[in-house]
Structure formats: structure tokens, C-alpha cells
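Reviewing the structure listed below.
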Amino acid sequence: MTRRTYLIKRVLQAVFSLWIIATILFFLFRMGLPDPTSVLITEGLNAEQRAAVRAQFGLEDPLWRQYVLFLTNAVQGEFGTSFSYRAPVSEIVWERLGNTMVLMLAAIVLAYAIGVPLGAWLSWRRGSSTDTVGIFVGLMFRSAPMFWTGMIAILIFGVGLLMFPTSGMRTLPYDADGFLDKIFTLDFLWHAILPVLIVALYYLGSPMLIMRNTMLEVYGEDFIEMARAKGLPERDILYKHAARNALLPVVTQLAVTIGLAAGGQVVVEVVFSWPGLGREILNAVRTSDFPLAQASFLIMAAFVISLNLLVDILYTTLDPRVSFR
Amino acid sequence: MTLPPILRAAMGPLRLMVQDRLAVIGMCVLGVIIAMALFAPLLSPHDPRHINEIEDGSVLVRGSDVWELRESLGPLALNDAAHHAGQSIIVGRSGTVWTRATEGDWARVDVETEADLNAVDLNADGRAIVVGGLGTILLGNDTGWQVIPAPEADLRSVIWLDAVTALIVGANEEIWLLDATAGNIAEIDSPVGRGFPLNAVALDADGTALIVGERGLAIRYDPDTGTAALERIGSSRDLNHIHIAPGGTALVVGERGTLVRRDTADGAWTTDPAPDTRALRAGWIGDDGRAVAAGRNGIIMEWDGAAWQIAPTESERHLRALLVVGDDWLALGSDRFVTRLSPPSREHWFGTDHLGRDLFSQNVHGSQIALLVGFLGATLVVLIGTNVGLIAGYYRGRTETILMRTVDVMYGIPFEPFALILVLLFQPSLTIVILAVSLLTWRTVARLIRSQVLSLRERPFVKAARVAGASDLRIMYLHIFPNVLPLVFLELAIIVGVSIIAEATLSFLGLGPPQSISWGGILHDARLSGAWRTAWWWNLPPGILIMTTVLSVFFISRSLEVVANPRLRARQ
């Protein structure tokens with residue numbers, strides 16, 4: 001199989017996955033609800049809006065017509081109007097997705113920036129008490145539920161020491177001209193430190209442990225023996241020879257983690273009142289704002305799938321050994 | 001020794017676990033937590049859902065800026081106190097009597113009754129009279145206590161009229177005159193005669209007695225004429241207590257923050273606005289204008305000369321009596337009160353929550369849900385994942401394509417939000433939580449097992465079995481499966497941890513099964529109540545328990561990773 005056919009196949013597969021998820025979503029919402037119309041009617045919409053919504057969703061149509069309409073609208077990026085915000089769903093979802101991604105990406109970058117060198121260092125000190133403590137702490141943060149560490153962090157640094165704000169992305173009230181304007185401020189940074197740190201601590205364990213384990217494997221390879229025989233300093237062997245060769249599994253893990261980042265960590269957003277997509281889904285389903293919930297989930301899934309796809313494509317260029325099955 | 005292949009395959013991982021020190025620690029910790037879940041009802045000292053009430057002989061002392069909680073006088077509520085010439089006496093429930101001389105310690109005195117003692121008074125000779133439920137009347141002096149026979153009645157208050165006669169009032173409009181020397185009782189006709197409860201009596205400056213009761217009832221008894229007459233003090237609320245200072249200044253307190261005051265012996269009664277509307281049980285006023293009132297939920301009000309102010313107190317216990325000796329002010333209680341948000345104590349090891357429920361018992365019971373979801377979820381995940389992996393890897397072709405494309409689709413579904421939607425759409429229940437966890441986690445297991453099976457199916461022993469005419473099912477489950485079993489064990493261990501965290505997450509978001517107690521649910525309650533910012537004992541233990549459980553499972557799974565990665569084994 002050539003690279004081109006592999007890529008085409010991979011893209012088709014992603015589109016297929018997305019279609020299946022959209023279908024599951026469509027029928028899940030219609031199955032879980034007693035009657036979608038009753039939810040729409042009880043919402044405080046006026047007659048015109050109600051008619052518009054009805055027309056938009058084609059609620060009198062048979063189920064298959066609704067399904068086709070839902071799919072065609074979704075493909076065009078048209079998700080209707082949110083009940084609670086009275087605004088186009090896509091606008092809200094994109095903004096929230098941005099907020100989630102800022103938080104998650106910052107945390108993941110931080111986790112890998114610290115975790116990878118830390119893992120390499122632990123492998124160098126293997127068997128020592130530093131190693132044991134490092135593994136223990138890494139696994140501990142991996143085992144502690146994030147909402148709990150978040151609560152404890154708020155208690156200590158927010159409520160106790162009054163060092164950081166305990167909720168939100170910015171000090172209210174504020175108005176920003178755009179997304180970049182919103183996040184490139186000290187105020188934003190000040191709000192982001194605690195949640196980013198909590199997510200980063202959670203993610204820290206896996207790059208650290210993977211790096212440590214692959215480093216240990218690399219140490220057994222011949223070229224390390226060779227470097228030792230040449231009399232290179234241990235530090236050079238560690239960082240120039242071994243670490244470079246141990247990075248691939250870490251990169252794989254990074255790709256998977258970034259792929260799932262759009263899914264976000266709902267609990268962290270809830271605990272820190274971070275206006276992200278996960279929290280929006282929770283609110284939307286609770287307030288029966290189904291257009292918003294449906295679209296949020298679909299876009300989130302689309303993001304996860306396309307990131308996975310991107311990672312796979314990148315991989316074909318990064319690692320020539322990948323076979324196109 | 002020959003074991004069946006399945007068992008032999010299962011022995012390997014076990015041996016690995018025993019060799020790893022961290023895994024052994026993990027197994028011990030997990031064992032403790034499993035034991036905790038199994039014996040939860042025996043281990044927990046309280047019902048985790050029961051709102052705990054406590055009765056206590058509480059003593060609050062007026063400090064410089066706050067009424068401080070002193071060491072309690074036993075586990076029974078204190079109802080009334082009296083003081084005369086350096087001698088103090090407190091009475092309470094179930095025959096509780098405490099005495100002290102001037103500044104000494106309180107000493108418990110034995111009396112021959114188990115009845116609730118409601119009121120006490122001391123006369124000039126230092127003679128005490130105590131009245132209580134079941135028509136209890138006790139006379140006490142330095143030599144001992146003497147029970148006066150009386151008809152059964154709920155006696156509420158007592159006052160010495162002179163050295164030998166005392167006036168007693170009761171809940172069924174009883175007004176009795178006791179001759180302490182003869183020990184006989186004379187009943188006095190009430191001007192109402194409709195069975196109204198009378199709550200308190202006090203001696204006025206002119207030697208008459210003023211009795212107050214429910215619905216604003218006030219009766220004046222004149223010992224000279226021996227008659228009782230109605231008096232108006234301008235309130236229609238239930239009046240609980242009356243105190244009259246020697247000079248005639250008087251204070252009556254009652255339900256819903258009722259405060260009625262009289263400045264001089266022949267002055268008019270005025271109703272003061274109260275800063276709180278909780279029931280007041282006791283009041284005290286001095287001729288110098290100082291006044292204080294105490295009541296339910298630890299409420300204490302002090303008169304600053306112009307208005308009543310709420311005094312800060314250290315506790316929310318119900319207060320029933322005041323004892324003022326010079327500058328030493330005591331407030332006494334307490335009926336059954338709910339121990340809301342109490343920090344860890346001997347009674348509640350992990351403290352209590354906002355409803356006064358025992359948190360230790362909740363944490364112990366929480367282990368049941370965590371382990372149930374953990375193990376059941378993991379079993380289900382491994383069951384689905386292993387079978388999908390086995391079938392896909394063994395049959396290949398179209399079966400494999402369909403199954404593995406399904407796995408690919410599953411990878412596009414973000415876990416947390418999907419679980420949220422599932423639970424919200426289908427009413428939160430334990431089944432849905434377990435299903436949500438398992439529906440999305442089997443994908444990893446299926447991929448791992450399939451890749452293992454792909455290499456195994458080309459091995460000679462599989463080919464040999466096929467040549468020998470073994471059926472597909474037989475090859476899959478009897479020949480290949482034992483070889484992937486170590487991997488299955490590894491995944492099982494990892495997913496137990498994943499499931500426990502997932503359940504805690506859903507419960508924390510308030511999507512756990514209602515009526516059940518789980519660690520995540522305790523944290524949900526803490527966050528919802530808003531009290532978690534102060535009550536550290538509420539949110540610390542469940543998180544530590546989740547972390548410990550998942551950590552021990554991780555340690556066990558780490559020892560099994562050698563199975564999945566034989567290169568690690570070679571180096572050990």
C-alpha cells in the first residue's frame with residue numbers, strides 16, 4: 001500500500017467514524033427523551049422562535065427525514081439556536097472549545113516539558129530512593145481524582161493563602177476584542193495557573209514513567225556500551241545518546257493525549273468554573289438545551305478524531321518504519 | 001504437578017505480583033479496603049445517612065469577646081440553675097444535680113430520682129428545692145436530699161416565698177404551695193382553669209409571685225391573701241422564663257425572640273425588638289440595667305442599654321438556663337442538637353457533614369460502591385475487550401474489519417462527556433454508571449489482545465491444533481486464550497483503577513445513583529453545600545481513600561507490566 005492510498009483510507013475512516021458518532025448521538029437523544037417536542041415547548045421561547053425551531057428541526061417529519069436534515073445541517077456547520085443562550089450554537093461551541101484547548105494544551109505542554117527530563121533523570125538514578133519517590137509521586141497524582149486535587153489546591157492557595165483566584169478565566173467584568181486579546185493578559189495567566197497546574201500534575205506521570213522505562217531499555221543497547229567505552233561523560237550519554245532514542249514512545253503518548261484533550265477534563269472545568277466545552281455540555285444537558293449539547297459533543301468528537309488523524313499522518317513522515325496496513 | 005493450562009497461565013502473574021515489593025504493599029492495602037467494604041456495616045459506628053443528634057450538659061462562659069464553650073457537665077441536658085450566697089446549683093435531665101461553692105469545681109450530687117429535673121431555687125438558709133417531671137419534688141441541704149411525695153405532674157418551675165414555703169408551677173396549670181417543714185402541698189386555684197402550661201415563676205419585689213406561661217399567660221399570686229389573679233404583660237406569645245431582680249426590674253422571654261422588659265417595680269411592661277427570632281429559654285436582668293437572654297441554637301442576646309445585641313458564641317447548642325454570679329456569666333444547655341459540621345472528635349472520627357451525618361461511616365460505606373463499580377466495570381470491560389480482540393485476531397478478514405472499525409469509532413468518543421450524556425439521559429443508577437464506564441474502555445483491551453492474538457495464531461502449537469482437527473472455538477479459548485491471560489490480568493488491574501476514578505468523577509458531578517453513598521458523592525455534597533472551604537475534614541478523607549485504592553491497584557498492575565513487556569523481565 002502506498003502512502004497516498006493509506007492517507008486516503010485513513011481520512012475516509014475518520015469521516016466514517018464521525019458519521020457513526022453523529023448517528024449514535026442523534027438516536028441516543030431521541031431515545032433518552034420522553035418527547036423532544038415537550039422539552040421545546042416548555043422552554044421560554046415565543047411563538048415565532050418556537051415555529052422557527054420546529055421548522056429547523058422538522059419535528060413533525062418522520063424520524064428518517066429528521067435524521068437526514070440533522071446530518072445535512074451538521075455537514076454545513078449549522079447546529080441551530082441554543083435555547084438558553086438564544087444565540088447560534090456554533091459560536092458558543094467554538095468559543096468554549098477555545099477555552100478548553102488553552103487550558104488543556106498549556107497543561108499538556110507543561111506536563112511533558114517537566115515529565116520527559118524528569119523521567120530521563122529518574123532512569124539515570126534507577127534503583128535509588130529518588131527513583132522510588134519519583135515513581136511514587138507520579139503515580140500518586142495519576143491516582144488522585146483531579147476534582148479533588150483541584151479542591152485541595154483551591155483550599156490551600158485560593159482560600160487559605162489568597163494567592164490565586166478560585167474561579168473563572170478573567171476577573172469580571174471584562175470585555176475582550178477577540179480570543180487572543182482575552183488570553184494574552186496577566187489577569188488570565190493569574191486565573192489559569194491553578195487549573196493548568198492541577199491538570200499538568202495529573203498528566204505528568206505518564207511521560208515521566210514512559211521516558212524512564214524506555215530509557216532503561218535503551219541503556220541495554222550496544223551503542224550505549226560503545227559510548228561508555230569511548231569514555232564519554234555519563235551526562236552526555238544520558239542526554240545526547242540515550243534520551244534522543246527514547247523519545248519516540250513519548251511522542252506517541254503525547255499524540256494520544258493531545259487527541260483526547262478536546263474531550264477536556266469536565267471536572268476541572270467544573271471545580272474551577274472554567275468556561276470550557278465540557279462544562280457547557282454538562283449545563284446544556286441539565287437545562288435540556290439539546291441543540292447545544294448535541295453540537296458540543298459532535299464538534300468535540302470531530303476534534304478528537306481529526307487530531308488523531310493528524311497524528312497518524314505526521315507519524316508517516318516522522319517514522320519511516322510505520323507500515324501502512 | 002500438572003494444572004489445567006488456564007490455571008497454569010494464571011499462576012504466572014500471581015508469582016510476578018508476589019515478587020514485587022510495591023505490588024505486595026498494593027495487595028495488602030487493597031485487601032484492607034476490600035475488608036472495609038465487606039464489613040462496612042460492622043465497622044461504621046453510625047448509620048451513614050442518619051442525622052446525628054447529641055445531648056450534652058453544655059456550659060458556655062462569657063469571655064471577653066465571645067461566649068466560650070467550657071468542658072461539658074456530662075451527657076445530659078442542663079435545665080436550670082440557682083445561686084445564693086456563694087453556693088450554686090444546676091439541675092438537669094434524668095436526676096442530674098451539680099453543685100459548687102463560690103469558685104470551686106462543679107460536683108455531681110446523687111439524688112434518689114431518675115426523673116427530669118426542671119427547676120431549682122435556693123433560700124436564705126441554703127436550702128435547695130428542685131422540681132421536675134413525674135411530680136418530683138426534692139428538698140436538699142448540707143445533710144442530704146429528701147423526696148416530698150406529690151401527685152404526678154410535669155412541674156416546670158419553683159420559687160421560695162419565704163424560708164419554709166415554696167411556690168411550684170406545672171405544665172397542666174398546677175399552682176402548688178409547698179410547706180417544706182410539714183412536707184404537704186396545697187393546690188391553689190388558677191384564675192384560668194383551662195389547663196394552660198405554666199412555665200416559670202419569679203418573686204417580685206413586693207413579695208408576690210409572678211407566674212408566666214403559654215400564650216402570654218401571666219398570673220400574680222399574693223401569699224398574703226392566698227389568691228391568684230390574671231395579670232397583663234402585653235404579649236400573646238408563649239412565655240418561657242421570667243427573672244425579676246431584687247429591685248423589681250424584670251425580664252420575660254419566650255418563643256420567637258420574645259423579650260418583655262420592666263424597668264421598675266411598678267413600671268409598665270414593654271416589648272423589645274429582638275435581633276433574632278429563635279425561641280428564648282432563659283433571661284436574666286439586674287437592677288443596674290444589665291440583661292442577657294439565651295435560647296435555641298446557641299443564641300445569646302445582651303442588652304447594651306439601648307438595644308438587644310446578638311453575642312457571638314462558640315456553639316450552636318440549645319441553651320436553657322443562665323447563671324449569673326457577679327461577673328461570672330454562664331449559659332447552660334443543651335437539648336438534643338444536631339452536630340452540624342463538627343470537626344473530628346471521639347464520637348465522630350472524621351467529623352460530621354452539614355446535616356450532622358457521620359463522615360467516618362460515610363467513607364467506610366463509600367468503599368462498597370467504589371469497589372463494586374471498579375471490579376464489575378473492569379470485569380465487563382475485559383470480557384468485551386478480550387472477546388472482541390480474540391475474535392478479530394483469530395478470524396481476520398471481514399470480521400476483523402468490522403470489529404476494529406468499531407474500535408476506531410470508539411476512540412473518537414471523548415470519555416467524560418459521553419458518560420455524562422448517558423447518565424443524564426437514562427436516570428442515574430449504578431447500572432448506567434457501570435455501563436458508561438465499560439462501554440468506552442474496552443477499546444484499548446480489544447486492540448492489545450488482537451495484536452497479541454495475531455502473532456499467536458501463527459505459532460506452531462496453533463497450527464498443530466488445527467491440523468489435529470480442533471474446532472475454531474476450541475483453538476481460540478483453550479489454546480490461544482491461556483496465552484493472552486497474563487495480558488488480560490494486566491488490563492484488568494489497570495481498568496479497575498480507571499473504573500474507580502470514573503465512578504468517583506460521575507458521582508462528584510452529581511450523576512451518581514441517588515440514595516447511595518460513594519466517595520465521589522461525599523465530595524459532591526461537600527462542594528454543593530459550600531461548606532467544604534472551611535470543613536477540611538469533609539473533603540480530605542474521600543480523596544485520600546480514592547487515591548490510596550487506585551494507587552494500590554496501579555502498584556499491582558505495574559508488577560504485571562513485565563508480562564506485556566518481556567524485555568523488562570530479561571533485565572530483572
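The values are calculated or read from the model by the stated rules, or taken from the named source; none is laboratory data. It should be emphasised that the depicted structure is a prediction, and the values quoted were computed from it without experimental measurement. So basically every Cβ, Gly included, is an ideal-geometry build from the backbone, and we count neighbours across all protein chains shown. What goes into the accessible areas is simple: the full protein's heavy atoms, side chains included, and nothing from ligands, DNA or RNA. Shrake-Rupley method; radii C 1.70, N 1.55, O 1.52, S 1.80 Å.
Close amide H pairs (under 5 Å, H built 1.01 Å from N) link B:LEU319 with B:GLY295, B:ARG296, B:ASN297, B:GLY298, B:ILE299, residues at least 5 positions away or on another chain. Here the stretch B:305-455 is treated with +1 on each Lys and Arg Cβ and -1 on each Asp and Glu Cβ, and its dipole about the Cα centre works out to around 1020 debye. Between helix B:21-38 and chain B there is an angle of about 50 degrees, using the helix long axis and the longest principal axis of the Cα atoms. Taken along the Cα-to-beta-carbon direction at a fixed 7 Å, the label points for A:THR5 and A:SER90 span 3.6 nm.
Computed from backbone phi, the HN-Hα couplings of the stretch B:171-187 come to 6, 10, 6, 6, 10, 10, 10, 9, 9, 5, 6, 7, x, 10, 10, 10, 8 Hz, rounded to whole numbers (Karplus: 6.51 cos²θ - 1.76 cosθ + 1.60, θ = phi - 60°; Gly and Pro given as x). Using a probe radius of 1.4 angstrom, the carbon and sulfur fraction of the accessible surface of the protein assembly as shown is 59%.
Please label the shape of the protein assembly as shown as rounded, prolate or oblate, based on the square roots a ≥ b ≥ c of the eigenvalues of the alpha-carbon gyration tensor (a/c under 1.5 means rounded; beyond that, a/b larger than b/c means prolate, else oblate). Prolate, because a/c is 1.5 or more and a/b exceeds b/c. In the stretch B:423-445, burial by the other protein chains removes 10 Å² or more of 1.4 Å probe accessible surface, compared with the chain on its own, from B:LEU424, B:LEU425, B:PHE426, B:ARG443. For the stretch B:42-123, what class follows from the C-alpha gyration tensor (a ≥ b ≥ c being the square roots of its eigenvalues): rounded when a/c is under 1.5, otherwise prolate if a/b is larger than b/c, else oblate? Oblate is the answer for the stretch B:42-123, as a/c is 1.5 or above yet b/c matches or exceeds a/b. In the full protein context, the stretch A:234-302 carries 31 Å² of accessible surface per residue, based on a 1.4 Å probe and ignoring ligands, DNA and RNA. Think of chain B as having a plus end and a minus end, set by charges on the Cβ of Lys, Arg, Asp and Glu; of B:ALA115, B:ILE168, B:ALA128, B:ALA115 sits farthest toward the positive end of this dipole. How about the stretch B:380-414: which of its residues lose at least 20 Å² of accessible area in the presence of all protein chains relative to their chain isolated, using a 1.4 Å probe? Buried on complex formation: B:ARG405, B:ASP408, B:VAL409, B:TYR411, B:GLY412, B:ILE413, B:PRO414.
Once the partner protein chains are put back, the stretch A:272-308 shows a loss of at least 40 square angstrom of accessible area, versus the chain by itself, at A:LEU282, A:VAL285, A:ARG286, A:PHE297 (probe 1.4 Å, ligands and nucleic acids excluded). Taking all protein chains as shown and a probe of 1.4 angstrom, A:PHE157 keeps an accessible surface of around 70 Å². Using the Cβ-Cβ distance between B:ASP105 and B:GLN146 with R0 = 25 Å, the FRET efficiency computed as 1/(1 + (r/R0)^6) comes to roughly 0.50. Shown is the FRET efficiency for B:ALA265 and B:PHE196, computed with R0 = 22 Å from the Cβ-Cβ distance and rounded to the nearest 0.05: 0.25. Taken about its Cα centre, the protein assembly as shown carries a charge dipole of roughly 7820 debye when the Cβ of each Lys and Arg holds +1 and the Cβ of each Asp and Glu holds -1. Close amide-amide hydrogen proximity is noted between B:THR258 and B:LEU280, each under 5 Å apart and 5 or more residues distant or on a separate chain (H modeled in the peptide plane; Pro and chain starts excluded).
Sequentially through the stretch B:363-372, phi angles give Karplus couplings (6.51, -1.76, 1.60; θ = phi - 60°) of 5, 5, 5, x, 5, 4, 4, 4, 6, 4 Hz, Gly and Pro residues having no value and appearing as x. Across B:TYR221, A:TYR85, the residue with the most accessible area heads the list, and the full order at a 1.4 Å probe is A:TYR85, B:TYR221.
Extending 7 Å from the Cα toward the beta-carbon at both B:ASP328 and B:PHE375 defines two label points whose distance is 6.0 nm. The angle separating the long axis of helix B:5-19 from the principal Cα axis of greatest extent in chain B is about 60 degrees.
Charge dipole (Cα centre; +1 on Lys/Arg Cβ, -1 on Asp/Glu Cβ; no other charges) of the stretch B:330-417 amounts to roughly 180 debye. The helix-based estimate of mean residue ellipticity at 222 nm for chain B, built from -39,500 (n - 2.57) per DSSP H run of four or more residues and divided by its residue count, is -12500 deg cm²/dmol to the nearest 500.
Kindly report, to the nearest 10 Å², the accessible surface of B:THR534 as traced by a 1.4 Å probe over protein heavy atoms only. Spelled out: B:THR534, probe radius 1.4 Å, area about 110 Å². Amide H contacts for B:GLY356 (H built 1.01 Å from N in the peptide plane; partners 5 or more residues away or on another chain; cut-off under 5 Å): B:LEU341. The angle between the Cα long axis of helix B:397-411 and the main principal axis of chain B comes to about 30°, on a 0 to 90 degree scale. Per-residue 3J(HN,Hα) values for the stretch B:474-480, derived from phi via the Karplus relation 6.51 cos²θ - 1.76 cosθ + 1.60 with θ = phi - 60°, read 4, 5, 4, 8, 9, 9, 7 Hz in sequence order (x marks Gly and Pro). Annotation: per residue accessible area for chain B equals 43 Å², rounded to a whole number [probe 1.4 Å, protein chains only].
Distance between the modelled labels on B:ARG336 and B:ALA307, one decimal in nanometres: 3.8 nm (7 Å Cα→Cβ projection). Can you tell me the FRET efficiency between A:VAL109 and A:THR132 if r is taken as the Cβ-Cβ distance and R0 is 35 Å, rounded to the nearest 0.05? Calculated value: 0.80. Each of B:ILE494, B:VAL453, B:SER529 was scored by the projection of its Cα onto the charge dipole of the stretch B:448-572, and the greatest displacement toward the positive side belongs to B:VAL453; charges sit on the C-beta of Lys, Arg, Asp and Glu. Total buried accessible area between A and B, probe 1.4 Å, nearest 100: 4500 Å².
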